[in-house]
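Please treat every number below as a calculation from the coordinates, not as lab data. All values reported here derive from a predicted model rather than from experimental measurement. Virtual Cβ from ideal backbone geometry, glycine too; neighbours counted across all protein chains shown.
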Amino acid sequence: MDVEETGKLESLDPDMLQLQEVSPFSLKSSPYVAEELFSQWLSLPDTSRLVKSLLADAKAGVPFSALENSTNTNALSINPLPSLFPAGSTPPLSPRSSPGSPRTMKQRTSPSSLGSPLKLVRDPVREIIPQFYFKNGRPPPNEMKEHFLFQVDNRFHGHLDGLQLLEFKSFTKEICKLPSFFSTALFRKIDVSFTGTITRDQFIDYWIRSNMLAMDLPTQIYTILKQPHRTYLVQDDFKPILRELLSSHPGLEFLHSTPEFQERYAETVIHRIFYYMNRSGNGRLTLRELKRGNLIDAMLHVDEEEDINKVLRYFSYEHFYVIYCKFWELDTDHDFFIDRENLIKYGNHSLTYRIVDRIFSQVPRKFSSKVEGKMNYEDFVHFILAEEDKSSEPSLEYWFRCIDLDGNGVLTSNEMLFFYEEQLHRMECMAQEPVLFEDILCQLVDMIGPENDGYITLRDVKSSKLSGNVFNILFNLNKFIAFETRDPFLIRQEREDPNMTEWDRFAHREYIRLSMEEDGEDMSNASGDVWEESLEAPF
């Protein structure tokens, strides 16, 4: 009987027990209820026999996990879940589920019958997320790093005391892949103690640990040039590399005897860089602006090209010569400042008074000059680049702000008429056949092709290839007439080299003219010297 009961108890399905449920919340809020239930459970006879059996097995050394396989009949005959309800008061069990019922299907697919897959939930698999943010950029691959270190070791072999500045020049170009005229700037960045030498460990500490190896070339140049406390470049940051360029480039050796022109050349190059690259016009060149421009390509070009005049972007000495001579011609008192009366003479009086007044009102660009009513050399560089190359975006923005009298971002017919009136008057004074504004306005609209016929936006101006001619019509009489007559010489020049900009063609023409004038003066002076010598010789 005991065995049969035991067998029934072993096969008893716990899901069939109809015990009253007590919520955990009620137990937490009323702990005395749990204590009362536990006391009642301990007072049951079956519970007493179970506890004694467990104690006996523990004394005999039977493991607790082997309890259900124990041969102790007392333990097997005990109901593992002694009822809290007295005999006769237990609620009736629900009817047995028929085969194929949802209850049976639930039992067949229970977690216990499937090898307890809940262990996957209890022990979740940890997925390792690779590092995706690096303060100094993603580190280089190991193969690249090892190859670079091999090259560095070869260059420092035999130089246990380190490399000096002259030896470091070729190292900068061949190992670091930088323009050679960056050697001094890079040397100063590493040799912070001013010892005059750089050891292998010092270079590795700067180049590898600062992650310079993984940076692209613009970022490397930006990092070397900028000051540690800044997030941008200023004009003074470019002076060290231009000093080295002037001292080492074969195309600039002739300037060694004239240091004042070396300084002017460096200033001109820097002003040209900031004119084209610093689109915000705040004098702070950002990394993004540096990457968007063509300065890096120009630096690499000038490092390889011995003829400095073939590097048309920024570094051409002929371009500097033209800019400086143009400024010197207008600066009649040579105080290095230009006023309104000086600028009105530019280009054989080609500009109108109204556009010159707009320039000196500092609408297109705030002057860097501190003298009231005068522009300095930097201001003139921006002006001449904007005037002679109206195909570039900086120039279009410069002149658009001049014509936009109310500063609302659009050009209206009244604003264009304001500037064209003076052009019309000048044509009449020169006995030129005047062109009425109504006819000119239709021509301007056709040339720009604005989205809205009532006004012209800066976007319209930038999207048209004829925008430069529009500005010439409004305030530059000489270029307006040249456009109307379609000078065949200029058209042929454009076809011969379409890659040259308007500024490149202008600078080339002016350099030839200025050099011929200088040669003519030299010849006249030389002939005068010969004549004087011939007169004095007999005596």
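Before moving on, here are some points about what is shown:
- Pairs beyond 21 Å (Cα-Cα), from LYS366/LYS390; LYS189/LYS239; LYS374/LYS462; LYS239/LYS462; LYS345/LYS374; LYS226/LYS326: LYS374/LYS462; LYS239/LYS462; LYS226/LYS326
- Here the label points at HIS256 and ALA431, each 7 Å from Cα along the C-beta direction, are separated by 5.8 nm in the simple model.
- Spin-label pair THR412/GLU143, simplified geometry with 7 Å Cα→Cβ offset, distance in nm: 6.6 nm
- Length gained on full extension, PHE194 to ASP335, computed as 0.36 nm times the residue gap minus the Cα-Cα distance: 46.8 nm.
- The listed peptides 223-236, 262-275, ordered by packing as a protection proxy, come out as 262-275, 223-236 (highest mean of other Cβ atoms within 10 Å first).
- Per-peptide packing, taken as the mean over residues of other Cβ atoms within 10 Å, places 421-433, 318-330 in the sequence 318-330, 421-433 from highest down.
- Three-way shape label, the stretch 202-293, alpha-carbon gyration tensor, a/c 1.5: oblate
- Against the empirical curve 2.2 N^0.38 Å, the C-alpha radius of gyration of the stretch 318-393 lands at a ratio of 1.02.
- Segments 199-211, 241-253, 139-151 sorted - mean Cβ within 10 Å per residue, highest first: 241-253, 199-211, 139-151
- Computed over the stretch 120-236, the ratio Rg/Rh where both radii use C-alpha atoms and Rh is Kirkwood: 1.13
- Spacing of the modelled spin labels on MET516 and ILE175, each 7 Å from Cα toward Cβ, amounts to 5.3 nm.
- For ARG155, net neighbour charge (Lys/Arg +1, Asp/Glu -1) across residues whose Cβ lies under 11 Å away: -2
- The calculated FRET efficiency for the pair LEU300 and GLU263, based on their C-beta separation and a Förster distance of 22 Å, comes to about 0.35.
- Contour excess over end-to-end distance, with Cα ends at GLN40 and LYS366 and 0.36 nm allotted per residue: 107.9 nm
- Extension gain for SER463-GLN443 works out to 5.6 nm (0.36 nm per residue, less the C-alpha to C-alpha distance).
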